[in-house]
Amino acid sequence: HGQARRVELGLDQNRLNMLLAVMHRHGGVKTSGQDVYVNVVGGLKITETGSDLAVLLACASSLRSKALPQQLAVFGEVGLSGEIRPVPNGQERLKEAIKHGFKYIIVPRGNAPQKPITGVKIIAVARLHEALTEAMAIADENESENQRLTFTQIQIKVKKASIYIEILSERLHK
């Protein structure tokens, strides 16, 4: 029973440790005895904080053995007190996620659209525990579909959505 391992590729180690501590304290998901491996696919290095929420929901999904659906996109910065902060270019990120067929999008309340958008369920959250509750409810709703995919596939697809949004963000900043 050695110390739990934290392995991250493409993400800052200190940021991951901080995020896991926030998830424990403000999300009720204990990671202290668990090994946590986070790999950003494609060899990319994420430096923007807009992927915080996606990383934590992917970790919670794995720890709770609940697969998130492949039609879920997530973005948002997670603060030390569990608040979900808006990210730059939130409306553009939403438009791109919708254009790519995502049916569920969890966003910071500050990035929520003014009017409902037909064909997509946008869930605006202010706190980490809200995001976790909503994501696990979506996982439960889509359980039969998720059973056809392995947890690894789900985690990668969630990360790909986050990475896609990160790439979009970087392009918009240039």
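The values are calculated or read from the model by the stated rules, or taken from the named source; none is laboratory data. Quick caveat, the model's predicted, so the values are computed rather than measured. Positions of Cβ are backbone-derived with ideal geometry, glycine not excepted, and every protein chain shown enters the neighbour counts. Only protein heavy atoms, including side chains, enter the accessible area calculation; ligands, DNA and RNA are left aside. Shrake-Rupley method; radii C 1.70, N 1.55, O 1.52, S 1.80 Å.
Considering only region 41-152, give the strands (runs of 3 or more DSSP E) lying wholly within it that have at least 2 residues that are buried (at least 18 other Cβ atoms within 10 Å of the Cβ) and out of contact with any Lys or Arg (no Cβ under 9 Å at 6 or more places or on another chain).
Values: elements: 72-74, 104-108, 121-125.
It comes to 121-125.
Starting from region 70-81, keep only residues that are under 11 Å from Asn111 (Cβ atoms), then list their pairs with residues that are open to solvent by 30 Å² or more (accessible area, probe 1.4 Å) whose Cβ atoms are within a distance under 8 Å, requiring at least 6 positions of separation or different chains.
Between residues of region 70-81 that are under 11 Å from Asn111 (Cβ atoms) and residues that are open to solvent by 30 Å² or more (accessible area, probe 1.4 Å), the close pairs are Gly76/Arg85; Gly76/Pro86; Glu77/Thr49; Glu77/Arg85; Glu77/Pro86.
Could you give every pair whose Cβ atoms fall below 6 Å, whose first residue belongs to region 25-40 and is of a type outside the set (A, V, I, L, M, F, W, C), and whose second residue is open to solvent by 70 Å² or more (accessible area, probe 1.4 Å), counting only separations of at least 6 or pairs across chains?
Partner pairs satisfying both residue conditions: Gly27/His129; Lys30/His24; Thr31/His24; Asp35/Arg5; Asn39/Leu9.
Please work out which residue is nearest to Pro86 (Cα to Cα), limiting yourself to region 109-140 and to residues that are touching a residue at least 40 places away in the same chain (Cβ under 8 Å) and not hydrophobic (A, V, I, L, M, F, W, C).
Arg127
Kindly provide the set of residues from region 2-33 that are farther than 23 Å from Ile46 by Cα, open to solvent by 60 Å² or more (accessible area, probe 1.4 Å) and assigned to a helix (DSSP H, G or I), ordered by number.
Arg25
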